[in-house]
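Accompanying notes for the structure given below.
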Amino acid sequence: QESCPDLVIAGITTAYLGLSAQLLLGIPFLQLNLYCWNPRPERMIFALPSLPCGLNKFIMKFLMADVRKSWKPYDKVMEEKLGAGVLEQYSAADTYDDWAGGPAFPVFYAVPSSFVGV
C-alpha cells in the first residue's frame, strides 16, 4: 500500500486491472477507449450486421459476457493474492452499463487526428 499510485489509467485490455485497483485497493481509475462502446446501438458496431427490433442490444450483452469470461483467470489470481475478486463485486449488469460511460467510473475516448475529418 505504501507504493500505490494515486490514479490508474486503464485501456481496453487492462480494464480488469483498473477495476481491481478501484474495487479492491480503493485507487481511482480512468478508462481510456479507442472506440465507442454503445450498449444499445441502432446501427451495429464492429462491422457486425444490424438486426431489427432492438436485437443489437442482445448482441452487445453477449459480447460483454465474453469479456467477463476472459476475466475469470485474473479473478482467481486476485482471490489468491488479495482475498477477493472483482467479479463477485461487479455484476454483469454493472459491466454492461458502465462500459457505456455509466456512473461507476469515467470513460474517455481517444480519437487519432487522422480520423477527425472523416
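The values are calculated or read from the model by the stated rules, or taken from the named source; none is laboratory data. As the structure is a computational prediction, the values presented were derived from the model and not from experiment. Neighbour counts are summed over all protein chains in view; Cβ atoms, including those assigned to glycine, are modelled from backbone coordinates with ideal geometry. All accessible areas refer to the heavy atoms of the entire protein, side chains included, with ligands and DNA or RNA removed. Shrake-Rupley method; radii C 1.70, N 1.55, O 1.52, S 1.80 Å.
Structural remarks
- Within the range 6-46, being open to solvent by less than 40 Å² (accessible area, probe 1.4 Å), in a strand (DSSP E or B), over 15 Å from TRP71 (Cα atoms) and aliphatic (A, V, I, L, M) holds for one residue alone: VAL8.
- Among the residues of the range 47-67, just one is surrounded by 12 or more Cβ atoms within 10 Å (Cβ to Cβ), charged (D, E, K, R) and within 14 Å of the chain's Cα centre (by Cα), namely LYS61.
- Residues that are at pLDDT 80 or above and among the β-branched types (Val, Ile, Thr) were ranked within the range 68-117; the one that is surrounded by the fewest Cβ atoms within 10 Å (Cβ to Cβ) is VAL77.
- For the range 15-74, a residue qualifies if it is within 30 Å of SER3 (Cβ to Cβ) and aliphatic (A, V, I, L, M), and the qualifying residues are ALA15, LEU17, LEU19, ALA21, LEU23, LEU24, LEU25, ILE27, LEU30, LEU32, LEU34, VAL67.
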